[in-house]
Amino acid sequence: MEKLLVTQALDERDLLVKKIADKIEKANLVDTIRNNENMVSKARIGKEDFARQAESAYQQIRDLITRFQKIDAAIVASNAVTKVNTSYGEFTVAGAISLRNRLRGNGSYDEEADFEGNLLRKMENEFRTQVQTAEARNQKLQNTAESMRLSILGKDSKVKDDKPLEVVETYVRENTTVLIDPLNIQKQIDVLKEKRDTLLRELDTQIKVSNATTFVEI
């Protein structure tokens, strides 16, 4: 048995992916030869030498794949049982990685499964749109009200007649647009954003610490 830190196992696994791909691409496993020649057509070496090289290359690739599978299985098994703690609860490393990927839109469902991020964007966009709508309507209302006041009093009038102006104030009051915000949505946005950002930071830290301190056996 060989013991490796998870960080070492992860690095070797990444290296093996590239190494196996390179070996497969460079391998010469099949060639041709004319009956009246001593060397194979592509590699230009003797048939027996080519056979030995092909068998060796094939075996090296198979051995590297086996090594990759063992390392990958050990990492998966370790991640399934090793626990990490955050201010929002305890997770296995596998669960922490899955949650982190989901929050970053890197999981199986891409950004579609970043529920918290999508909810935040929905809340922010809707709040901004409705605030702008209310402000635009109320500005238009004030312009209309000002026109009504000028019509009642005249631009140069110095005399104030409260009764006609009360009609204008009533009109403004009844037609003012107000925001309906039962969730106190800006507060919810701040809370959700803080929780999401904190959780992502803690997951990153705890996963790194776990990988740097946990051993796997190959």
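The values are calculated or read from the model by the stated rules, or taken from the named source; none is laboratory data. Quantities reported herein were computed from a predicted structural model and do not represent experimental measurements. Cβ atoms come from the backbone with ideal geometry, glycine included; neighbour counts cover every protein chain shown.
Looking at Q69 and the list (1) assigned to a helix (DSSP H, G or I); (2) closer than 30 Å to F115 by Cβ; (3) free of Cβ contacts under 8 Å to residues at least 12 places away in the same chain, which single condition is not satisfied?
The number of the failed condition is (2).
Tell me the residue from T198, T205, T176 that is in contact with a Leu (Cβ under 9 Å, 6 or more places away or on another chain) and at pLDDT 95 or above, please.
Matching residue, one of T198, T205, T176: T176.
Give the range 27-45 a look and list any residue that's without any contact (Cβ under 8 Å) to a residue 12 or more places away in the chain and either closer than 30 Å to D72 by Cα or surrounded by 13 or more Cβ atoms within 10 Å (Cβ to Cβ) (or both), or say none.
M39, V40, I45 - these are the residues of the range 27-45 that are without any contact (Cβ under 8 Å) to a residue 12 or more places away in the chain and either closer than 30 Å to D72 by Cα or surrounded by 13 or more Cβ atoms within 10 Å (Cβ to Cβ) (or both).
Per-residue answers, yes or no, for (1) assigned to a helix (DSSP H, G or I); (2) closer than 24 Å to T198 by Cβ; (3) modelled with pLDDT under 95:
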residue	(1), (2), (3)
L16	yes, no, no
E48	yes, no, yes
Q53	yes, no, no
E111	yes, yes, yes
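Within the range 51-95, track down each residue that is within 28 Å of T205 (Cα to Cα) and among the charged types (D, E, K, R).
Scanning the range 51-95 gives K70, D72, K83, E90.
Could you give every pair whose Cβ atoms fall below 8 Å, whose first residue belongs to the range 54-65 and is more than 7 Å from K23 (Cβ to Cβ), and whose second residue is assigned to a helix (DSSP H, G or I) and among the hydrophobic types (A, V, I, L, M, F, W, C), counting only separations of at least 6 or pairs across chains?
I65/I20
Would you point out which residue out of A113, A80, A94 is over 11 Å from the mean Cα position of the chain (by Cα) and surrounded by 13 or more Cβ atoms within 10 Å (Cβ to Cβ)?
Every option except A94 fails the conditions.
Among the residues of the range 12-26, write down those that are free of Cβ contacts under 8 Å to residues at least 12 places away in the same chain and closer than 29 Å to F215 by Cβ.
D14, L15, K18, A21, D22
Of all residues being surrounded by fewer than 13 Cβ atoms within 10 Å (Cβ to Cβ) and either in contact (Cβ under 8 Å) with a residue 60 or more places away in the chain or among the charged types (D, E, K, R) (or both) in the range 184-201, which is nearest to Q130 (Cα to Cα)? Just the residue, please.
Ranking the qualifying residues of the range 184-201, first place goes to K187.
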